[in-house]
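The values are calculated or read from the model by the stated rules, or taken from the named source; none is laboratory data. Here the structure is a predicted model, which means the values were calculated and not measured. Glycine also receives a Cβ, built like all others from the backbone with ideal geometry; neighbour counts cover every protein chain displayed.
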Amino acid sequence: MEPVDYMAFIGKSPGDDNVYIITGDSGNGMTHGTLGGMIVSDLIQGRENRWADFYSPTRMPLRTPKRFLTEMFNTIKQYGRFINKTDIHEIDQLAPGEGAILSKGLRRLAIYKDEQNNVHAFSSVCPHMGCMVQWNAEEKSFDCPCHGSRFTKDGIVINGPATVGLERFEIKD
């Protein structure tokens, strides 16, 4: 997770009384882990912490409204891909060694055709938070544009935040 202002979210989780979060580290996990422990400890004990408001998960990034709105609309757009057109309509459109997103009824499938013309099919839904993956022809992988998870052409997770692979799907003619 990359907050639009590049500052971690540390503090009470919005809408929860007893849940605290430390996330959005932007590559500063060691620093934010330490700082987060100090801030959260103070919040739990009812002590004032001068950094609590600065890192609050409820803050609104005032200096970056354009980027904030752009990211918000991009996320909405990614979920909209479930409704929009897919890359291909028939498996025959796929050449050996290529992958794509195929519409099969109401489902969207991540399809890969290997060099022997065997078709490998998976749910196109990223198991992390439900965005639709996209075929990355350069890397020969299925990548999630929402949070950066990546999957091999065989649906195996190779980069998180997803912790499991894409669900295998059997195509019946």
From (1) closer than 30 Å to THR23 by Cβ; (2) modelled with pLDDT of 85 or more; (3) assigned to a loop (DSSP other than H, G, I, E, B), pick out the condition that doesn't hold for PRO96. (1)
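Yes or no, residue by residue, for (1) farther than 19 Å from SER103 by Cα; (2) assigned by TED's automatic domain parsing to the domain that holds ILE101; (3) at pLDDT 95 or above:
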site: TRP135; (1), (2), (3): no, yes, no
site: GLU139; (1), (2), (3): yes, yes, no
site: PRO145; (1), (2), (3): no, yes, no
site: SER149; (1), (2), (3): yes, yes, no
site: LYS153; (1), (2), (3): no, yes, no
site: PHE169; (1), (2), (3): no, no, no
site: ASP173; (1), (2), (3): no, no, no
Output the residues belonging to segment 1-24 that are in a loop (DSSP other than H, G, I, E, B), of a type outside the set (A, V, I, L, M) and touching a strand residue (DSSP E or B) at 6+ places or on another chain (Cβ under 8 Å). PRO3, SER13, GLY24
Can you tell me which of (1) modelled with pLDDT of 80 or more; (2) under 25 Å from PRO161 (Cβ atoms); (3) exposed (fewer than 13 other Cβ atoms within 10 Å of the Cβ) is the one MET1 doesn't meet? (1)
Any residue at all in segment 38-49 that is at pLDDT 90 or above, at negative phi and small (Gly, Ala, Ser)? yes
Of everything in segment 143-171, what is within 24 Å of THR23 (Cβ to Cβ) and among the charged types (D, E, K, R)? Give them in sequence order. ASP143, ARG150
Segment 25-39: number of residues that are in a loop (DSSP other than H, G, I, E, B) and within 16 Å of ASP53 (Cβ to Cβ): 0
Of all strands (runs of 3 or more DSSP E) fully inside segment 125-173, the set with 2 or more residues that are touching a Ser or Thr at 6+ places or on another chain (Cβ under 8 Å) is 141-143, 150-152, 157-159
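Matching residues to (1) polar (S, T, N, Q); (2) modelled with pLDDT under 85:
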site	(1), (2)
LEU35	no, no
ASP53	no, no
PRO61	no, yes
PHE68	no, yes
MET72	no, yes
ILE76	no, yes
GLY80	no, yes
ASN84	yes, yes
ASP87	no, yes
